């Protein structure tokens with residue numbers, strides 16, 4: 001009789017354990033999909049990190065409101081790289097190894113992105129660029145390559161900048177002012193190619209450091225060489241010093257810039273000289289908006305009290321690129337049928353069409369092309385106060 005009681009107890013206990021284990025399986029399957037972001041969220045370029053974060057959050061809110069992806073909700077996990085490549089590497093490894101993120105979204109800095117690229121390719125974790133434009137971020141030679149991008153590409157931006165300088169200002173001898181890092185190097189190659197294609201010559205190529213406060217010597221050399229426009233490639237802080245140096249020289253020269261100046265406190269640091277620069281973007285919230293654009297403006301104003309009007313959505317490129325990139329990534333997860341790196345990577349290639357904010361994407365990715373945007377997706381803008389408005 002005792003044996004029967006003990007047997008019964010063991011049977012009941014086993015049944016309870018199995019039931020509990022069975023109940024845990026679907027619960028585990030419903031764990032949130034972790035989305036990582038490594039970007040500048042402090043320092044001079046903090047506005048870029050804020051914009052990308054908000055673009056991702058709005059997209060995630062939309063996706064979760066419709067049931068998430070593959071029956072699972074999405075959660076964003078952020079890490080500040082402080083625009084430092086070494087800190088970006090530490091953040092990426094921590095997100096991959098400890099947080100087990102499905103994908104990492106990148107921020108404004110090309111040097112940080114280039115430092116992270118070997119890590120994500122080795123770990124087979126997709127990296128989605130949302131700002132950094134260095135040509136070799138996506139064209140990195142890896143096979144398989146897990147790095148994708150919804151952003152500008154230096155080689156294409158450089159063609160647009162030279163074309164704009166020639167068409168708008170009649171420039172046939174541009175001078176380059178480039179930040180002395182891998183991003184500056186990437187653009188120097190692209191600008192040289194664009195100048196060669198248009199059969200004009202450059203006045204010269206000058207470099208400066210991130211902490212430099214006086215660029216008068218470099219600018220003086222370009223002026224003496226006959227530069228009739230300045231092509232500027234820099235983030236907000238150093239670019240402001242370039243503009244102050246031009247002001248001290250009392251040099252009235254057109255300045256056409258890459259979009260790094262929109263990721264920080266450029267209007268504050270450059271003062272009235274900020275309004276003398278024309279630069280590139282991928283989107284503007286001013287003017288006639290698509291249904292996607294109108295809906296996003298409404299969502300942003302509802303979620304973030306500091307956004308009172310479209311002029312407060314600054315910098316727009318961070319919001320727009322990140323928003324579209326998140327939706328394309330969610331679509332890749334669905335089409336790939338999972339959240340491991342290989343499935344997401346293959347899912348990107350399977351995207352046929354997606355109606356996004358910047359444009360309607362048609363087969364945006366392929367094994368030969370990991371950049372969803374091209375030279376036809378750029379617009380020229382300028383600062384009006386602290387607002388970024390299209391150039392008419």
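Just so you know, all these numbers are worked out from the coordinates, no wet-lab data involved. Since we're looking at a predicted model, the values are computed, not measured. We place every Cβ from the backbone using ideal geometry, glycine too, and count neighbours over all the protein chains shown.
General remarks:
- For the options 252, 205, 366, a Gaussian network treatment of the chain with springs between C-alpha atoms closer than 10 Å singles out 252 as fluctuating the most.
- At R0 = 41 Å, FRET efficiency that the Cβ-Cβ distance of residue 350 and residue 42 yields, to 0.05: 0.65
- Each label point was placed 7 Å from the Cα along the Cα-to-Cβ direction; for residue 386 and residue 342 their separation is 4.9 nm.
- Helix 291-303 axis, angle to the chain major axis (alpha carbon atoms, nearest 10°): 80 degrees
- Mean Cα-pair separation over length for the range 159-229, i.e. relative contact order, pairs under 8 Å, 6 or more apart, %: 41 percent
- Three principal axis lengths of the chain [C-alpha, angstrom, descending]: 107, 41, 37
- Residue 363 paired with residue 94, simple spin-label distance in nm, labels 7 Å along Cα-to-beta-carbon: 4.2 nm
- Choice from 364, 126, 217 showing the highest fluctuation, given a GNM over the chain with Cα pairs closer than 10 Å: 217
- What the Cβ-Cβ distance of residue 197 and residue 30 gives, at R0 = 41 Å and to the nearest 0.05, is a FRET efficiency of 0.15.
- Value at 222 nm in deg cm²/dmol, rounded to 500, when DSSP H runs of n ≥ 4 in the chain each add -39,500 (n - 2.57): -15000 deg cm²/dmol
- 0 to 90° range, to nearest 10: angle between helix 110-123 axis and the chain longest Cα axis: 30 degrees
- Centre-to-centre separation between the Cα atoms of the range 131-173 and those of the range 302-374: 18 Å.
- Counting only DSSP beta bridges with both residues in the range 155-281, the antiparallel share comes to about 0 percent.
- Value of relative contact order over the chain, rounded to a whole percent, pairs C-alpha under 8 Å and six or more apart: 17 percent
- DSSP beta bridges fully contained in the chain are about 30 percent antiparallel.
- Proxy reagent accessibility, fewest Cβ within 10 Å first, across 331, 56: 331, 56
- Radius of gyration and maximum dimension Dmax of the range 155-281, Cα, Å: 12.9, 38
- Here each label is just a point 7 Å from Cα along the line to Cβ, and for residue 252 and residue 210 those points are 3.7 nm apart.
- Relative contact order of the range 255-353, taken over Cα pairs closer than 8 Å and 6 or more residues apart, is 19 percent.
- Within the listed set 49, 71, 341, the Gaussian network model of the chain (springs between alpha-carbon atoms below 10 Å) gives the highest mean-square fluctuation for 71.
- Between the helical axis of 341-350 and the longest alpha-carbon principal axis of the chain there is an angle of about 60 degrees.
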